[in-house]
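Notes for the one structure printed next.
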Amino acid sequence: MADRSAAEVARAVNARETSAVETLEAAYARIAERDGAIGAYLALTQDLARARAERVDAAVREGKRLPLAGVPLAVKDNMCLEGTPTTCASKILDGWIAPYTATAVQRLIDAGAVPLGKTNLDEFAMGSSCENSALGKTANPWDRSRVPGGSSGGSVAAVAAGEATLALGSDTGGSIREPAAFCGVVGFKPTYGRVSRYGLIAFASSLDQIGPIAQTVEDAALAYDLMAGKDPLDATTVDREVEPAAAGLRDDLRGVRVGIVKEFGLDKLEPDVRACYEQAYDDLRKLGAEFVEVGLPTADYGVATYYLIAPAECSSNLARFDGMRYGLRVEGPDVGATYEATRAAGFGDEVKRRILIGTYALSSGYYDAYYVRAQKARTLIAADFAKAFEACDVIACPAAASPAFAFNAKADPVSMYLMDYYTIPMSLAGLPSLSVPCGYVTPAGSDKPLPLGLELSAPLFAERALLGIAHAYERGTGHARAKQIPTLADAVSAR
Ligand code: GLN
């Protein structure tokens, strides 16, 4: 069961070929066997999982059919799950127990999914490698000397290693798509406002969005259909009908116009990576897609724009962690000193850097020069996309410029920030965007193939079309499930 897709697990549990409890046991056996070497999970929620699985089995016995019956689910540890610790991989939330469950998580549980545990991330989702976690290290299942990507690295590694069937991640500037590309799974960020953020601990509220991580596009569509839609508990969710994406999956690309971005020319990439993306474009063409060149002249400003807006919002959102209400408290002689001591001890370097940058960008005298200008640039980037989508249905580009890199390879913050060059512009424009596996490269001197991801992005609210196109590509090429990870046996023996 541990290697089946969510659709297959749900079908088998609904048909009573297996039970949710048996499926859960298989998932925990897999975690016990592999997670010592991978480190995807920060905590397992065994009692809750067992209770949920038993309820699913009881419902099925009563004749109910649940769309995610018994599907083992991993949840990024910046989403609340009632009664369980929620850490954001930060020391500052040490000991904090979530008093309620995030809407997106609850909707999947209501559909029959069984939450296995909470997964590792970069502290407060700030990072692209999972190396900023204060609580542990997650390895890339394809090559354990490399990062899984971030910030949803634990969720993505769990799905890649067969330690979860489905996972939730959050994406602010690329945190679902970049790690999905690095680990060879499907990662999907819906339109901003499509999926409730209630119960997602805020990083940058105008950008944060929850999305599914899965082995297949079909599974991502299934989960999206269940999560999407208005939530009275999140005023930024959009009250607009959700067109079921799982019903719109297609097998060819006839009549689809694929936009290739002039400014994202593949000539900047290493030759083997470039060849892989050329092949991916060719495969889209063979499936019937027409190609058009589009321009995104302001996309190059994406990273600079994002690294003003996201830190500005983070400096405001993270002000609540001061030792008074949540988690860690380091007592000082007075209230001010307690704030200082708590925040100094509780936050890691990258989080502090962002709070400082954000506070600076918002301070009087600098606000217009930095924050307001960044907002103007954001508007221009969104306008560029709107214009590009007059000529195409979907934009195709790399999800990242390289495959997964080695631990400690991106020591200076800017080189890490640049990892999101291809994902940030779509986030700033609020667009739905995903990464689907598109091939493998084997670095010189290594015998381990590493996956690459093709990023596909669509106009606002065009999730159904986007997932349909990604499905045709996945079916047409078979990359998504083409390879068993060759090094996993080795991961097991290395425990
Ligand atoms: N890597 C980007 C950052 O560090 C994006 C993170 C995210 O999407 N949460 O902010």
| query | When the chain is fully extended, how far beyond the present Cα-Cα distance does residue 137 get from residue 291, taking 0.36 nm per residue of separation? | reply | 51.3 nm
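Could you work out the relative contact order of segment 250-321, using alpha carbon pairs under 8 angstrom and six or more residues apart, expressed as a whole percent? List each step's numbers first, then the result.
Details: 49 pairs, mean separation 31.5, N = 72.
Over segment 250-321, the number comes to 44 percent.
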| request: For residue 372 paired with residue 241, estimate the spin-label separation in nm (one decimal), with each label point 7 Å from Cα along the Cα-to-Cβ line. | output: 4.2
| request: Using the Karplus curve 6.51 cos²θ - 1.76 cosθ + 1.60 with θ = phi - 60°, work out ³J(HN,Hα) for each residue of segment 254-260 in order, rounded to whole Hz, and write x for Gly and Pro. | output: 4, x, 8, 9, 9, x, 10
| field | Förster radius 22 Å - calculated FRET efficiency between residue 145 and residue 415, Cβ distance, rounded to 0.05 | value | 0.75
| query | So how do 227, 426 line up by other beta-carbon neighbours within 10 Å, fewest first? | reply | 227, 426
| note | Reduced to Cα centres, the span from segment 247-267 to segment 42-93 in Å works out to 36
| What whole number of Å gives the distance from the Cα centroid of segment 180-224 to the Cα centroid of segment 318-352? | 30
| What is segment 357-429 by shape, rounded, prolate or oblate, if you read a ≥ b ≥ c off the alpha carbon gyration tensor as root eigenvalues and call it rounded for a/c under 1.5, prolate for a/b larger than b/c, and oblate otherwise? | oblate
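Please work out how much length the chain gains when fully extended from residue 64 to residue 110, using 0.36 nm per residue of separation minus the C-alpha to C-alpha distance, in nm with one decimal.
Working: separation 46, 0.36 × 46 = 16.56 nm, distance 1.24 nm.
Working it through step by step, the gained length comes to 15.3 nm.
With respect to the cross-link table entries 230/387; 189/376; 268/410; 91/118; 64/189, which display a Cα-Cα separation exceeding 25 Å? Before the final figure, lay out each step's value.
Numbers: 230/387 28 Å; 189/376 23 Å; 268/410 19 Å; 91/118 15 Å; 64/189 30 Å.
Distance filter (> 25 Å) returns 230/387; 64/189.
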| note | Bridge orientation stat for the chain from DSSP, antiparallel percent rounded to 5, came to 65
| remark: Looks like segment 68-145, by Cα gyration tensor root eigenvalues a ≥ b ≥ c and the a/c under 1.5 rounded cutoff (else prolate when a/b is bigger than b/c, oblate otherwise), is oblate
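Based on other C-beta atoms within 10 Å, arrange 291, 389 from fewest to most. Don't skip to the answer; put the middle values down first.
Numbers: 291 14, 389 21.
Listing 291, 389 from fewest to most nearby Cβ atoms yields 291, 389.
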| For the pair residue 46 and residue 356, what calculated FRET efficiency results from E = 1/(1 + (r/R0)^6), where r is the Cβ-Cβ distance and R0 = 41 Å, to the nearest 0.05? | 0.55
| segment 139-169 and segment 413-455: distance between their alpha carbon centers, rounded to Å | 14
| message | If I model a spin label as a point 7 Å beyond the Cα along the Cα-Cβ vector, how far apart are those points for residue 337 and residue 263 in nm? | response | 5.1
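Got a sec? How would 96, 142 order by Cβ neighbour count within 10 Å, fewest to most?
Exposure proxy ranking, most exposed first: 96, 142.
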| Global form of the chain, assessed from the alpha-carbon gyration tensor, a/c cut-off 1.5 | rounded
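Loop only by DSSP, 14 or fewer other Cβ within 10 Å of the Cβ. Give me the GluC sites (Glu not before Pro) in segment 312-386 that pass, ordered by residue number. The partial results should precede the final answer.
Numbers: sites: 313, 331, 340, 350; in loops: 331.
In loop regions of segment 312-386 (DSSP not H, G, I, E or B), the sparsely surrounded GluC sites (Glu not before Pro) are 331.
We did not get these values from a lab; they are worked out from the coordinates using the rules stated. Not measured: the values here are computed from a predicted model. For neighbour counting, all protein chains shown are included, and Cβ atoms are generated from backbone atoms with ideal geometry for every residue, glycine included.
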